Number of protein chains: 2
Amino acid sequence: MAPADAARTRLAPLVEEDSLSLGERAYRRLRDSIVQGALPPGRKISERSLATALGISAQPVREALRRLEQDGMVVTLPRRGTVVAEVGAAQLAELGRIRAALEGVAAALAAERIAAPDLAALGAILARMKAGTEARDTDALDAANEEFHALIHRATGNQFLIRSVGSLRAYDHLGRHRAVGSTPRDLPKALREHQGIVAALRRRDPALAEARMRQHILRSLVTNGVLPAPPQMRNGR
Amino acid sequence: MAPADAARTRLAPLVEEDSLSLGERAYRRLRDSIVQGALPPGRKISERSLATALGISAQPVREALRRLEQDGMVVTLPRRGTVVAEVGAAQLAELGRIRAALEGVAAALAAERIAAPDLAALGAILARMKAGTEARDTDALDAANEEFHALIHRATGNQFLIRSVGSLRAYDHLGRHRAVGSTPRDLPKALREHQGIVAALRRRDPALAEARMRQHILRSLVTNGVLPAPPQMRNGR
DNA sequence: CATGGACATCTGCCATAGCAGTTGGCAGCG
DNA sequence: CGCTGCCAACTGCTATGGCAGATGTCCATG
């Protein structure tokens, strides 16, 4: 990515951050501001004030607020105002369980129609995960983890699934931000789980991939403090 | 909220159809037009032409198209146009499986926090279902079925879940519209499944409620022709 | 002092106008 | 005949302005 080798690599593979629509940028920016705590729950949001603050018009802001409302991050009382939705610990747990189920079906669908190059890419990500686990490099592990799940979601080719899980993953970031210092050192367990998921995908076993993926998400939620004790463990399934 | 009968009827249970925002009305109208086949897949949609056709401005139409895009019903190429998304049989099957998983977690959540009056209401709906099954009244059964699932969704209190499942149920209507005359006469089976779900809810058994609900949705999708053969049956779980 | 009503001011909501890309077609050149 | 470049007509996108409804405040009234 250094500017030096821009001459060699003919293609610019990166997303053009600034060529997106204002509404899209406002949406992402507001989403990040909410999940990072900059906009605390209960905070009143005005279309006009936010528009002037962002230096844009009120329409893109309104569009972004609409999408956030459909994501459940804000609620708007007609003619009265828009406020950041309250997401308590209980609701965060619910959303986590929903995400576990959705990622489960994503794994099942991926097991049915994932292509060989994607499987190879998953193998490469697994290698990076192994190295990152041994080196205790949490940043690299987070990045690899992001790519891992995003690749599986894209492998399903289902837009609805991708959008829904994307919104839910934003909530996951929020939960992680609250219980900071969460991932202590059970990283090897996560690595083994990821390996098991890829193995199920290679076997083209939808049921196994779904079970393992769901269990993986649920366990990670438990270690992050989003979910309490193991709800129901050791059912062989 | 009418000032006259506000003294008599404390609660206004009906939705005020015409007091909704134009964007909301355009959204529902377009959604219905798509799932009923009036707007076939691949049909180009122009914000302006649609606005003039509906007699409103372009903004509410744009807002409705955005929400439909988030639902996956339309796709819009920036600066090029918006078209009704193609939903093939395979994708319809995927969405059905996603809905089965979501309704499963909805049942699990409902089993944990459903209130007594809602349980009683479910019992009443079951009675109506039994009568409708014996009378072969498919219209009444459809209405009761709608209330049944909507009540469970509302019992979870999770807005994200309600919105997501609502969008997916719209696709279900589309699938039913394609394979018309689908529900032949295995209505008693659906009745028994509904009864089993309510029994699990009464026992406050989340895992059982989830399994039964998911199986119920999957079977109904099979009888509607959305899903092919039984994917994986008789795993005791 | 308590109460009710008018007004300024907020909000979300909508209409109009115009911008910047994209596309299809048609004239003009090779 | 085939290709190239321009131009008109789209498209989605954004800015501006103004609408009705809801809220809070202040003054007049009991």
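The values are calculated or read from the model by the stated rules, or taken from the named source; none is laboratory data. The structure displayed is predicted, hence computed values, not measured ones. Using ideal geometry, Cβ is built from the backbone for each residue, glycine included, and neighbour counts are taken over all protein chains shown. Keep in mind that these areas ignore ligands, DNA and RNA; they rest on the heavy atoms of the full protein, side chains included. Shrake-Rupley method; radii C 1.70, N 1.55, O 1.52, S 1.80 Å.
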Has the range B:119-134 got any residue that is on the phi < 0 side of the Ramachandran plot, within 10 Å of another protein chain (Cβ to nearest Cβ) and not β-branched (Val, Ile, Thr)? no
If we keep just the residues of the range A:50-67 that are assigned to a helix (DSSP H, G or I) and surrounded by fewer than 14 Cβ atoms within 10 Å (Cβ to Cβ), which is nearest to the other protein chains (Cβ to nearest Cβ)? A:Thr52
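Listed here are the residues, each with its yes/no results for (1) under 16 Å from the mean Cα position of the chain (by Cα); (2) open to solvent by less than 70 Å² (accessible area, probe 1.4 Å); (3) over 16 Å from A:Arg99 (Cα atoms).
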{"position": "A:Arg128", "(1), (2), (3)": "no, no, yes"}
{"position": "A:Leu168", "(1), (2), (3)": "yes, yes, no"}
{"position": "A:Gly175", "(1), (2), (3)": "yes, yes, no"}
{"position": "A:Leu187", "(1), (2), (3)": "no, yes, yes"}
{"position": "A:His216", "(1), (2), (3)": "yes, yes, no"}
Which of (1) more than 22 Å from B:Ala93 (Cα to Cα); (2) at pLDDT 95 or above; (3) acidic (Asp, Glu) is the odd one out, the single condition A:Glu210 does not satisfy? (1)
Could you list all residues from the range A:18-36 that are open to solvent by 50 Å² or more (accessible area, probe 1.4 Å) and within 15 Å of DNA strand C (Cβ to nearest atom)? A:Asp18, A:Ser19, A:Leu20, A:Ser21, A:Leu22
So is B:Gly104 in the same structural domain as B:Arg212 (by TED's automatic domain parsing), in contact with a Phe, Trp or Tyr (Cβ under 9 Å, 6 or more places away or on another chain) and not charged (D, E, K, R) or not? no
Within the range A:37-49, is there a residue that is within 15 Å of DNA strand C (Cβ to nearest atom), open to solvent by less than 40 Å² (accessible area, probe 1.4 Å) and either at negative phi or in the same structural domain as A:Leu174 (by TED's automatic domain parsing) (or both)? yes
Going residue by residue through the range A:190-203, is there one that turns out to be modelled with pLDDT of 85 or more, open to solvent by 40 Å² or more (accessible area, probe 1.4 Å) and in a loop (DSSP other than H, G, I, E, B)? yes
Determine if the range A:109-119 includes at least one residue that is at pLDDT 95 or above, away from DNA strand C (no atom under 16 Å from the Cβ) and β-branched (Val, Ile, Thr). yes
Subset of the range B:68-108, residues more than 14 Å from A:Ser164 (Cβ to Cβ), open to solvent by 30 Å² or more (accessible area, probe 1.4 Å) and within 16 Å of DNA strand D (Cβ to nearest atom), comes to B:Val75, B:Thr76, B:Leu77, B:Pro78, B:Arg79, B:Arg80, B:Val83
